Amino acid sequence: MKRHTAKFMLALSFIAVVLLAARPDPIKEKAKGLKDYYSKFFSIGVAIRPTDPSNHDQRTLILSEFNSITPENAMKMGPIHPQENTYFWRDADSIVAFGVQNKIKVRGHTLCWHAQTPDWLFVDSAGKDVSKKVLLQRLKSHINTVVSRYKGKVYAWDVVNEVIADDSTYFRKTKWSEITGEDFVEKAFEYAHEADPKAILFYNDYNTEIPAKREKIYRMLKNLLAKGVPIHGVGLQAHWSINTPSREELEKSIQLFSSLGLQIQFTELDISVYTGRQGGQMIQGQGQMQAAVFTPEMEQKQLEKYKMIFEVFRKYPKEITGVTFWNLSDKYSWLDGRGRKNFPLLFDTNLKPKKAYWEVVKF
Ligand code: XIL
């Protein structure tokens, strides 16, 4: 009897050891991530800061859920090219290296924009506006330097960002348009194509589901294509809210832009829980006094919006080649800095999937 018990105990411990050894590594064996659910549709990306991959939990989340990254700020003209003869590569380099090491695609963002530009860009040493010729030379040199550095590592670039006006005018009034007219747009694409002929080049903008702005962007893209400008895709930023866009307007945008033969990516997706926003700007007086809580009503409206937009995205797998979230989790989002906390993403402040996440992957 005793001998049997001993044998039994031995057998049990053997089984326990075997089971323990075979225990799944929680990181490797984590259930499917967004990128896996959507592998037959498009890549799923996230905008990151250089510090994100150094945090263990954030790194794990990036690697398990996403197969594309975009530097949130590190490649913008101001941060990467602070003085005419000085480039600051550290942050962008580290993000690109993280992507390459982990076989994650890297989207470049952005080569030409009116915001986050360096002080020196538009003026000469006496502080006067430079000529069109000088500004275009500077643009060329900037694009050539940045795109060449990441050639073969960055697969797609947001070449030009946000040049169409939100008001009833056509082109946004900026230093770029003041000095060069509209010419900087096509020049930027030409310079980028010259520097890396294999990179996929995007025009990127927001409020692309608002009919008047959609029409203007369409008109500009059509003109560029007619002139033979090397442009391959349109980035629809997708800074949305629990109220916008509607299914109809979203589908119209996808259909209209893809009718030009351009590929479509949703490049900066977030769904603000506040409604007083248009295109990343607070409308004065609205939304500002809301408490920093994620109410059940916000949660419900947000999950319905996420469910709807992903239903639409899945209808257009040929047209859409990527969907990128603008930040990783509600722990930090660029929308927080507007007087109150926002909760715009699919992972909560503890990096756990929200209810909206399960709506996005249930199909
Ligand atoms: C935002 C970043 O998220 C912020 O950290 C920064 O302070 C401002 O820019 N449209 C764009 C993005 O194309 O580059 C912007 O990113 C958000 C709006």
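What the table below lists for this structure:
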read-out: Where residue 110 falls short, out of the listed (1) in contact (Cβ under 8 Å) with a residue 40 or more places away in the chain; (2) over 21 Å from residue 191 (Cα atoms); (3) polar (S, T, N, Q); value: (2)
read-out: Scope the range 81-123; condition more than 26 Å from residue 54 (Cα to Cα), surrounded by fewer than 14 Cβ atoms within 10 Å (Cβ to Cβ) and within 15 Å of the ligand (Cβ to nearest atom); matching residues; value: 115
read-out: Number of positions in the range 144-168 that are more than 16 Å from the ligand (Cβ to nearest atom) and under 11 Å from residue 213 (Cβ atoms); value: 2
read-out: Long-range neighbours under 7 Å by Cβ, at least six apart or interchain, first residue over 8 Å from residue 303 (Cα atoms) within the range 346-363, second surrounded by fewer than 14 Cβ atoms within 10 Å (Cβ to Cβ); value: 351/57
read-out: Residue satisfying all of: in the range 125-136; without any contact (Cβ under 8 Å) to a residue 40 or more places away in the chain and either surrounded by 14 or more Cβ atoms within 10 Å (Cβ to Cβ) or in a helix (DSSP H, G or I) (or both); nearest to the ligand (Cβ to nearest atom) among these; value: 134
read-out: Hey, residue 250 under 15 Å from the mean Cα position of the chain (by Cα), modelled with pLDDT of 95 or more and either over 22 Å from residue 158 (Cβ atoms) or buried (at least 21 other Cβ atoms within 10 Å of the Cβ) (or both) or not; value: no
read-out: Scope the range 227-255; condition part of a strand (DSSP E or B) and more than 17 Å from residue 306 (Cβ to Cβ); matching residues; value: 233, 234, 235
read-out: Residues of the range 179-216 that turn out to be within 29 Å of residue 120 (Cα to Cα), assigned to a helix (DSSP H, G or I) and either touching a residue at least 40 places away in the same chain (Cβ under 8 Å) or among the β-branched types (Val, Ile, Thr) (or both), as a count; value: 14
read-out: Subset of the range 169-181 (residues that are more than 16 Å from the ligand (Cβ to nearest atom) and either in contact with a Cys (Cβ under 6 Å, 6 or more places away or on another chain) or not aromatic (Phe, Trp, Tyr) (or both)); value: 169, 173, 175, 177, 178, 179, 180, 181
read-out: Matching entry among 222, 198, 213 (being farther than 20 Å from residue 138 by Cα, within 16 Å of the ligand (Cβ to nearest atom) and of a type in the set (Lys, Arg)); value: 213
read-out: Some residue of the range 115-124 being more than 16 Å from residue 47 (Cα to Cα), hydrophobic (A, V, I, L, M, F, W, C), assigned to a helix (DSSP H, G or I) and out of contact with any Leu (no Cβ under 8 Å at 6 or more places or on another chain); value: no
read-out: Filter result (buried (at least 18 other Cβ atoms within 10 Å of the Cβ), over 18 Å from the mean Cα position of the chain (by Cα) and assigned to a helix (DSSP H, G or I)) within the range 333-361; value: 356, 359
read-out: Residue list for the range 328-346, restricted to those being within 12 Å of the ligand (Cβ to nearest atom) and of a type in the set (Asp, Glu); value: 336
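For every residue, the table says whether it meets (1) small (Gly, Ala, Ser); (2) within 21 Å of residue 268 (Cα to Cα); (3) over 22 Å from the mean Cα position of the chain (by Cα).
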{"position": "92", "(1), (2), (3)": "yes, yes, no"}
{"position": "110", "(1), (2), (3)": "no, yes, no"}
{"position": "126", "(1), (2), (3)": "yes, no, yes"}
{"position": "136", "(1), (2), (3)": "no, no, yes"}
{"position": "141", "(1), (2), (3)": "yes, no, yes"}
{"position": "148", "(1), (2), (3)": "yes, no, no"}
{"position": "157", "(1), (2), (3)": "no, yes, no"}
{"position": "195", "(1), (2), (3)": "yes, no, yes"}
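The values are calculated or read from the model by the stated rules, or taken from the named source; none is laboratory data. Nothing here was measured: the structure is a model prediction, and the numbers come from that model. Heads up, the Cβs are rebuilt from the backbone with ideal geometry, glycines too, and the neighbour counts pull from every protein chain shown.
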